[in-house]
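Here is the structure we will look at, set down as C-alpha cells.
The values are calculated or read from the model by the stated rules, or taken from the named source; none is laboratory data. Treat the numbers as computed from the prediction; the structure is a model and nothing was measured. Reconstructed Cβ throughout: ideal geometry from the backbone, glycine too, with neighbour counts over all protein chains shown.
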Ligand code: UDP
C-alpha cells in the first residue's frame with residue numbers, strides 16, 4: 001500500500017487531497033500546525049480512512065521525522081490567502097523556505113516523490129497574459145505580498161535543485177485561484193467574502209474598480225490535475241487552473257445572482273501589488289496530463305453555496321433553492 005505524507009493536510013486543498021489519496025487506497029499521514037487549517041476539514045476521515053489515516057499536529061518548518069517508508073510527499077502547508085500571509089508573514093516565508101527544505105530532505109531520505117504546491121503568485125502582477133509556465137513573472141520582492149510570492153519562488157528553486165543535484169523525483173504545480181467546499185469562510189479572499197456577504201444580505205466589497213481579472217477553478221478539477229501531475233513524469237512546473245477569466249466586478253454580480261441575494265456592491269481601495277490580470281495558460285497540462293477543468297463556474301458556485309449555507313447557519317429558501325437549481 002503506498003504511503004503518502006500531506007503537509008497542510010487539514011487545510012482547504014490539503015483536506016481534499018487527503019480524501020483523494022484515501023480513495024486511491026493510500027495510507028495517508030496528514031500533517032498540519034492548524035494556524036490556518038482546521039481539523040473539521042478532516043474529521044470524517046478518522047472514520048472513513050480507518051487505520052489508513054493519521055493526523056499529526058506539527059510545524060513542518062521544524063526538524064521532520066516520519067517512521068517507516070514513504071512513497072509520496074505533497075507539500076501543501078502554507079497560509080495561502082492574502083489576509084493570512086499578511087497576518088503571518090514570517091510563518092509564510094518559513095514554511096515556503098524552511099518547510100520545503102525539510103519536506104525535500106525527508107523525500108530524499110525516504111526515496112519518495114515530492115509534489116510542491118506552488119502558485120500563480122510566482123507570476124506577480126503579470127506583464128504576459130495569459131501566463132504560460134515559461135513566463136518568469138513580475139514580482140515585487142519587498143511588497144506585502146512578497147512574503148508569499150518569494151517563498152514559493154524559492155521553494156520552486158529548491159525543488160529543482162534537489163531534483164537536479166540529488167536526483168529527487170519532484171513535481172511542481174502552480175495553482176491558480178481555486179474554490180469549493182472547505183474554503184475558509186473568513187479567509188478574506190474574494191470568493192468566500194462575496195459569498196458570505198451575499199448570503200448575509202450585506203454589500204459586497206469590491207476592491208478598486210473591480211476591473212482586475214481572475215479565473216476560478218473548482219476544487220475537484222484541481223485535485224484531479226494534481227493527482228495526474230504526481231503520477232506523470234513532468235518535473236518542470238505545470239499550471240493548473242480554470243482559464244475562464246472574469247473581472248472581479250462581474251464575479252461579484254454573478255455571486256449575487258447565484259445566491260439570489262439582494263445585496264449591492266460597495267467599492268474599497270485596491271490592496272498593494274494586487275495583480276491586474278490573471279489567467280492560466282493550461283496548454284502544458286492539456287498536452288502532458290490530458291487535463292482540462294470539467295466544472296463550470298456557475299455549477300461550482302452552486303456546489304459551494306450549500307457549504308456556505310451550512311457554515312453560516314443560513315437555511316436554503318423554502319420555495320426552492322434559488323442558487324441550487326440546475
Ligand atoms: N477582492 C475584492 N474584495 C474582497 C476580497 C478580494 O474585490 O473582499 C479582490 C482582490 O483585490 C483581488 C481579487 O478580488 O483583485 C481576488 O482576490 P483574492 O483575495 O481572492 O485572491 P488573489 O487572487 O488576489 O490571490
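Does residue 101 count as over 17 Å from the mean Cα position of the chain (by Cα), over 26 Å from residue 217 (Cβ atoms) and in a helix (DSSP H, G or I)? Give the derivation first.
On the way: over 17 Å from the mean Cα position of the chain (by Cα): yes; over 26 Å from residue 217 (Cβ atoms): yes; in a helix (DSSP H, G or I): yes.
Yes; evaluated as a whole, the condition is true for this residue.
So if I check each of 95, 122, 173, which one is more than 13 Å from the ligand (Cβ to nearest atom), assigned to a helix (DSSP H, G or I) and under 16 Å from the mean Cα position of the chain (by Cα)? Walk me through it before giving the result.
Values: 122 fails: more than 13 Å from the ligand (Cβ to nearest atom); 173 fails: assigned to a helix (DSSP H, G or I).
From the options 95, 122, 173, the qualifying one is 95.
It is to be established whether one or more residues within segment 76-91 are within 14 Å of the ligand (Cβ to nearest atom), under 20 Å from residue 21 (Cβ atoms), surrounded by 21 or more Cβ atoms within 10 Å (Cβ to Cβ) and under 19 Å from the mean Cα position of the chain (by Cα).
Yes: one or more hits.
Report yes if residue 51 is assigned to a loop (DSSP other than H, G, I, E, B) and out of contact with any helix residue (DSSP H, G or I) (no Cβ under 6 Å at 6 or more places or on another chain), otherwise no.
Values: assigned to a loop (DSSP other than H, G, I, E, B): no; out of contact with any helix residue (DSSP H, G or I) (no Cβ under 6 Å at 6 or more places or on another chain): yes.
No: the conditions fail for residue 51.
Give the residue that is nearest to the ligand (Cβ to nearest atom), with candidates limited to residues of segment 249-263 that are surrounded by 15 or more Cβ atoms within 10 Å (Cβ to Cβ) and part of a loop (DSSP other than H, G, I, E, B). So that I can check it myself, show each step before the final result.
Let us first name the residues in segment 249-263 that are surrounded by 15 or more Cβ atoms within 10 Å (Cβ to Cβ), namely 249, 251-256, 258-261, 263.
Right, trim to part of a loop (DSSP other than H, G, I, E, B) and you get 260-261, 263.
Numbers: 260: 20, 261: 15, 263: 12 Å.
Within segment 249-263, the match that is nearest to the ligand (Cβ to nearest atom) is 263.
Evaluate segment 143-164: report whether one residue or more is part of a loop (DSSP other than H, G, I, E, B), crowded, with 18+ Cβ neighbours inside 10 Å, modelled with pLDDT of 95 or more and within 16 Å of the ligand (Cβ to nearest atom). Full working, then the answer.
Taking segment 143-164 first, the residues part of a loop (DSSP other than H, G, I, E, B) are 143-145.
Cutting the leftovers down to crowded, with 18+ Cβ neighbours inside 10 Å gives us 145.
Pick out the ones that are also modelled with pLDDT of 95 or more and you get none.
No.
Which residue pairs have Cβ atoms under 6 Å apart, sit 6 or more places apart or on different chains, and have a first residue in segment 97-113 that is under 17 Å from residue 28 (Cα atoms) and a second that is in a loop (DSSP other than H, G, I, E, B) and modelled with pLDDT under 95?
106/64
Out of curiosity, is residue 40 surrounded by fewer than 17 Cβ atoms within 10 Å (Cβ to Cβ), farther than 30 Å from residue 143 by Cβ and within 20 Å of the chain's Cα centre (by Cα)?
Values: surrounded by fewer than 17 Cβ atoms within 10 Å (Cβ to Cβ): yes; farther than 30 Å from residue 143 by Cβ: yes; within 20 Å of the chain's Cα centre (by Cα): yes.
So residue 40 passes the test.
Only one of these conditions is not met by residue 198: (1) outside any helix (DSSP H, G or I); (2) surrounded by 22 or more Cβ atoms within 10 Å (Cβ to Cβ). Which number is it?
Just one mismatch for residue 198, condition (1).
Return only the number of the condition from (1) assigned to a strand (DSSP E or B); (2) surrounded by 19 or more Cβ atoms within 10 Å (Cβ to Cβ) that residue 266 does not satisfy.
(2)
Checking residue 220 against (1) part of a helix (DSSP H, G or I); (2) in contact with a helix residue (DSSP H, G or I) (Cβ under 9 Å, 6 or more places away or on another chain); (3) within 16 Å of the ligand (Cβ to nearest atom), only one condition comes out false. Which one?
(3)
Working carefully through the options 269, 293, 243, 315, find the one that is away from the ligand (no atom under 15 Å from the Cβ) and either under 18 Å from residue 212 (Cα atoms) or modelled with pLDDT under 95 (or both). Can you show your working first?
Values: 269 fails: away from the ligand (no atom under 15 Å from the Cβ); 293 fails: either under 18 Å from residue 212 (Cα atoms) or modelled with pLDDT under 95 (or both); 243 fails: away from the ligand (no atom under 15 Å from the Cβ).
Step by step, each of 269, 293, 243, 315 is checked, and only 315 is away from the ligand (no atom under 15 Å from the Cβ) and either under 18 Å from residue 212 (Cα atoms) or modelled with pLDDT under 95 (or both).
Answer with yes or no whether residue 188 is outside any helix (DSSP H, G or I) and within 19 Å of residue 41 (Cβ to Cβ). Talk me through it step by step, then tell me what you get.
Details: outside any helix (DSSP H, G or I): yes; within 19 Å of residue 41 (Cβ to Cβ): yes.
So residue 188 passes the test.
Could you check, for segment 179-198, whether at least one of its residues is more than 20 Å from the chain's Cα centre (by Cα) and in contact (Cβ under 8 Å) with a residue 12 or more places away in the chain?
Let us first name the residues in segment 179-198 that are more than 20 Å from the chain's Cα centre (by Cα), namely 197-198.
Applying the additional criterion that residues be in contact (Cβ under 8 Å) with a residue 12 or more places away in the chain yields 197-198.
Yes, there is a match, as at least one residue in segment 179-198 is more than 20 Å from the chain's Cα centre (by Cα) and in contact (Cβ under 8 Å) with a residue 12 or more places away in the chain.
Inside segment 125-142, can you point out the residues that are in contact (Cβ under 8 Å) with a residue 40 or more places away in the chain, in a loop (DSSP other than H, G, I, E, B) and either crowded, with 22+ Cβ neighbours inside 10 Å or touching a helix residue (DSSP H, G or I) at 6+ places or on another chain (Cβ under 8 Å) (or both)? Give the derivation first.
As a first pass, look at segment 125-142 and keep what is in contact (Cβ under 8 Å) with a residue 40 or more places away in the chain: 125-126, 129-133, 140.
So of that shortlist, the ones also in a loop (DSSP other than H, G, I, E, B) come out as 125-126, 129-130, 132-133, 140.
Passing the criteria: 132, 133, 140.
Kindly indicate whether residue 209 is within 15 Å of the ligand (Cβ to nearest atom), surrounded by fewer than 22 Cβ atoms within 10 Å (Cβ to Cβ), on the phi < 0 side of the Ramachandran plot and modelled with pLDDT under 95.
Values: within 15 Å of the ligand (Cβ to nearest atom): yes; surrounded by fewer than 22 Cβ atoms within 10 Å (Cβ to Cβ): yes; on the phi < 0 side of the Ramachandran plot: yes; modelled with pLDDT under 95: no.
For residue 209, the condition - within 15 Å of the ligand (Cβ to nearest atom), surrounded by fewer than 22 Cβ atoms within 10 Å (Cβ to Cβ), on the phi < 0 side of the Ramachandran plot and modelled with pLDDT under 95 - is not met.
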